Amino acid sequence: MGEYEVAYTRSVVDFMMAEIESERVYDKVDEYRRALALFPDIGHRYDPHYEAARPPFPCRFIAVPDTPFTLYYTKDDARRRVVVFRIEHQRADPGVRFAGGLASN
């Protein structure tokens, strides 16, 4: 059936440019972007207990091993597209993860 297209939102690109200084970490995150193209269900369904940690749509997440980052993404099977809409440092407070809404991208 072929690979899914994987896109980053502008806020994810901005975060990566500002926060990821290590080429090794950047390469690891990119490795998981490529993995999502082949296996878009590799992440876990995101279903948090905190209301403020809930995005306004169903999504999945995957922690990127050997990095402090987690990717949050949506999957559209009809369009064969994955959109990574958030990257987050794993030390971030989950209680306010989406409290301010999502930035438009």
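Throughout, read-outs are computed from the coordinates displayed, never taken from laboratory work. Computed from a prediction, not measured in an experiment: that's the story for all the values here. Positions of Cβ are backbone-derived with ideal geometry, glycine not excepted, and every protein chain shown enters the neighbour counts.
Packing, taken as the mean count of other beta carbons within 10 Å per residue, orders the peptides 78-86, 56-64 from highest to lowest as 78-86, 56-64.
Legend: calculated FRET efficiency, D41 to D14, from the Cβ-Cβ distance at R0 = 30 Å, rounded to 0.05, equals 0.65.
Spread over its residues, the convex hull of the C-alpha atoms of the chain is 102 Å³ per residue.
Taking 0.36 nm per residue of separation and subtracting the Cα-Cα distance, full extension of the segment from R34 to A63 would add 9.0 nm. Over the residues of the chain, the helix contribution to mean residue ellipticity at 222 nm works out to -8000 deg cm²/dmol, using -39500 (n - 2.57) for each DSSP H run of at least 4.
Between the amide H of C59 and those of Y46, distances stay under 5 Å, these residues lying 5 or more places away or on another chain, with hydrogens modeled in the peptide plane.
The length gained by stretching the chain between R81 and D27 to full extension, at 0.36 nm per residue less their Cα-Cα distance, is 17.3 nm.
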